[in-house]
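First the structure, in the form of structure tokens, and then the observations on it.
The values are calculated or read from the model by the stated rules, or taken from the named source; none is laboratory data. All values reported here derive from a predicted model rather than from experimental measurement. Please note: Cβ atoms are built from the backbone with ideal geometry, for glycine as well, and neighbour counts cover all protein chains shown. Accessible surface areas use protein heavy atoms only, side chains included; no ligands, DNA or RNA. Shrake-Rupley method; radii C 1.70, N 1.55, O 1.52, S 1.80 Å.
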Amino acid sequence: MSCLAIYRPGDHVTEEAPATIPFPKIYKVGKRCDHNRALDKTVERAKLVYANRCCRDCGSVAVVPLELNDSLLNASLQPIPGSATIVGFRCNSCFHEWPAKE
């Protein structure tokens, strides 16, 4: 087991200096995590689904997204919901399909 040494500066530090030491989030495989980019991608997906929640042809709310088969896989090799790329939408009422536009 290794030791972690923390340096605490003396009284000569101004108040603008951070009081905590930022540590990057790390995945199990050792890659650095970028939460802002992942959050932006999730927000953009939610906006896209919300903008296409009603059918453009009949106005029904029975709309499902059409996704590519590129979703991320979990430890059990099952697809993670919401991680696939949305390419379009289909109405289950009138079967009208339209492409996803950002």
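Among the candidates Ser76, Ser60, Ser71, single out the residue that is closer than 30 Å to Glu97 by Cβ, under 27 Å from the mean Cα position of the chain (by Cα), part of a loop (DSSP other than H, G, I, E, B) and at pLDDT 85 or above.
Exactly one residue qualifies, and that residue is Ser71.
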- Task: Look through segment 75-99, keep the residues that are touching a Lys or Arg at 6+ places or on another chain (Cβ under 8 Å) and over 15 Å from Gly59 (Cβ atoms), and return whichever of them is least open to solvent (accessible area, probe 1.4 Å).
- Result: Ile86
